[in-house]
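Here is the structure we will look at.
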Amino acid sequence: MKKDPMAYHEVSNEDELLESLSNREFNILIKGEYNEKVKQLVKTRLSDTEMIGLELGSGGSVSLFSELIYIILNLFSEQAKIDKQLESKIRQYNFKFDENKNILLYLRQLDY
């Protein structure tokens, strides 16, 4: 069955979010109190505009080194395993807020 790129997959806890991220849902709407936790996770990555500036200035080598550093830091992090998985998968998504201040995650590839 083909996924509808305009449909929203609503989640309200980390297990639902991890499942949606693993299934690579196009649009994920974070509802309820879980919003605050996800706000902290999405703030860990640079926006596309910031990344473009860094990549232009470094000839593209920043992306390679930043991923390597991210992997190494994750190996030695004492962060909970599920938080590591969420943070890693959220890096594939952009985010914005809806009119009710809920977080909407959407696949970065949809912007291209």
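The values are calculated or read from the model by the stated rules, or taken from the named source; none is laboratory data. Computed from a prediction, not measured in an experiment: that's the story for all the values here. A quick note on method: Cβ atoms are made from the backbone with ideal geometry, for glycine too, and the neighbour counts reach across all protein chains shown. Surface areas here come from the heavy atoms of the whole protein model, side chains and all, with no ligands, DNA or RNA. Shrake-Rupley method; radii C 1.70, N 1.55, O 1.52, S 1.80 Å.
Worth pointing out:
- Pairs where the first residue, in the range 26-45, is under 23 Å from Glu67 (Cα atoms) and the second is modelled with pLDDT of 80 or more and of a type in the set (S, T, N, Q), C-beta under 9 Å, 6+ apart: Val42/Asn94
- Test: Ile82 is open to solvent by less than 50 Å² (accessible area, probe 1.4 Å) and at pLDDT below 80: yes
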